[in-house]
Each structure stands twice: as structure tokens, then as C-alpha cells.
1. Here are ALA57, ALA46: which of them is free of Cβ contacts under 8 Å to residues at least 40 places away in the same chain and within 26 Å of ARG193 (Cβ to Cβ)?
2. Look at region 23-50 and say how many of its residues are hydrophobic (A, V, I, L, M, F, W, C) and at pLDDT below 80.
3. Are there any pairs, at least 6 apart or on different chains, whose C-beta atoms fall under 7 Å, with the first in region 180-192 and at positive phi and the second among the β-branched types (Val, Ile, Thr) and not in a strand (DSSP E or B), and if so, which?
4. Taking the residues in region 188-204 that are in a strand (DSSP E or B) and either aliphatic (A, V, I, L, M) or in contact with a helix residue (DSSP H, G or I) (Cβ under 9 Å, 6 or more places away or on another chain) (or both) as candidates, determine which candidate is surrounded by the most Cβ atoms within 10 Å (Cβ to Cβ).
5. Quick one: count up the residues across region 53-110 that are of a type in the set (Gly, Ala, Ser), within 28 Å of SER31 (Cα to Cα) and at pLDDT 65 or above.
6. Condition test on SER140, is it outside any strand (DSSP E or B) and of a type in the set (Ser, Thr, Tyr)?
7. Which ones in region 143-167 are acidic (Asp, Glu) and either closer than 18 Å to GLY196 by Cβ or part of a strand (DSSP E or B) (or both)?
Amino acid sequence: MRDELRERFFTPFVLPVTIIGLMLLIGLSLSRILLAVSELGASFVALLAAGYVMAMAFLIESRRRIPARALGVSLAVGLIGLVAAGTVAAAAGIRPLHEEEAGGGEGTGEAGGEVANEPVFVAIDIDYESAPEALPPGESELVLENNGSIIHNVVFEESGEKILEADGGETDEATVTLEAGDITYFCDIPGHREAGMEGTLTVSEDAASGTGGETSSEAGETASEAGSEPAGGASES
């Protein structure tokens, strides 16, 4: 009776419907994750998913006598993790379409430099959407705006100091003293730096005006107006 029920009902109906449902659930969860994270983060997630599939295929091929229970547990753990991540991503919503970056191209001359010099790190999942490119030496008020759904931070590699850290949707501020030179910053949450959350901050007197430094034409005009002052400054240094 049980075998007959399996052949007439389970195999032709329940099994295909279950497989199709699982495929739809996996596709929906994965799409929610890819739409919630940055483009770089989406590539990282896709690589993880492909690596999991390849690892399972290698395991099945190398050990053809794997107990059904062990195989089922491995698949269930992967599915539960994927669905959980998809649920979190769906709650976080689709990532912004980088409207600031699209609009920033119009203000490359004046406004573009000011935006680049604001001491504000804007984090999303998993990327720095924007970050200061140049700041003047001395005391500076740094800000981390976490627009993502998970925790992010800013660590200065040279000092090893964690400057800023904020949970999803929160903001952190810190006052630091910057010395002239290049500072490498990154997010030290496991996997985030590898996904692209890093960059370089240039600390220079040229950034003191807040315009991201002078262009070559502006520098020439300044030198001509100041007369011999640039030469005097050079001799002092």
C-alpha cells in the first residue's frame, strides 16, 4: 500500500512540486540578496553560492556512499542560511541606485571636489558608497553613516586603530588628529575588506581649502597673483 501510494501520488506529483517550490524559494532568496547589496557585494555573494554548489558536487562525487541523513542536513543548512539571508535582505530593501554618483558628474568642477573632501564615510552592504579623498592635517571630525543593514566600521591600517563603527542605519562620530601622508582605511568585519571596503585618504595642506586641491590652471593663476610668495614658501621648506 505504501509503495503504491508512493508510485501513484508522491513520485509524480508531490516530488516535482516540492522541487519546483525549492527552486523558486532559492531563486527568490538569492535575488533579494543580490538586489540589497552593492555590485561588488553581489559578485562576492554569487561567488560564495557557486563555491557552495561546487563543494557539494565534489563531496557527492568523491564520496558516493554518503548517508542520506548527512546529505540532507548539509542541503538543509545551506537552504536555511540562504532563506534567512534573503529574508534579512528583503527587509533591508533594494540598494539605492547611486543617485549621488550619477548627479556628481555634473558638479565635477566645483561641487565635486567639496563632496570628496567632506569627512564623511557612507557605508552600504558591502561597500563604501562615498568617502573623503583628501583632508587637511590636524584635528578633524570624522563621521560614519551606515546606510546598510549590517555593522560596518572604519579602521586606519597604519595605526591599526578602529576609528568609527556603526550598526545598520546608525551613525558614529569621532574626533581624530590627522598627520600629513596617505592613510589606508578599511572595514575589518570578516570578508568586507576582501569585498572591496577599503580606500586611501590623502592628508595634505592642499585639502585645507575644502576643494580637493587646486587644478594645474588654478595653481598657475595663484602663483601669478601671489608673485614671489610661492618661491619664498618653497625656500622655507
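1. Step by step, each of ALA57, ALA46 is checked, and only ALA46 is free of Cβ contacts under 8 Å to residues at least 40 places away in the same chain and within 26 Å of ARG193 (Cβ to Cβ).
2. The total comes to 11.
3. none
4. The qualifying residue surrounded by the most Cβ atoms within 10 Å (Cβ to Cβ) is LEU201.
5. The total comes to 16.
6. no
7. Within region 143-167, GLU145, GLU157, GLU161, GLU165 qualify.
The values are calculated or read from the model by the stated rules, or taken from the named source; none is laboratory data. Quantities reported herein were computed from a predicted structural model and do not represent experimental measurements. Reconstructed Cβ throughout: ideal geometry from the backbone, glycine too, with neighbour counts over all protein chains shown.
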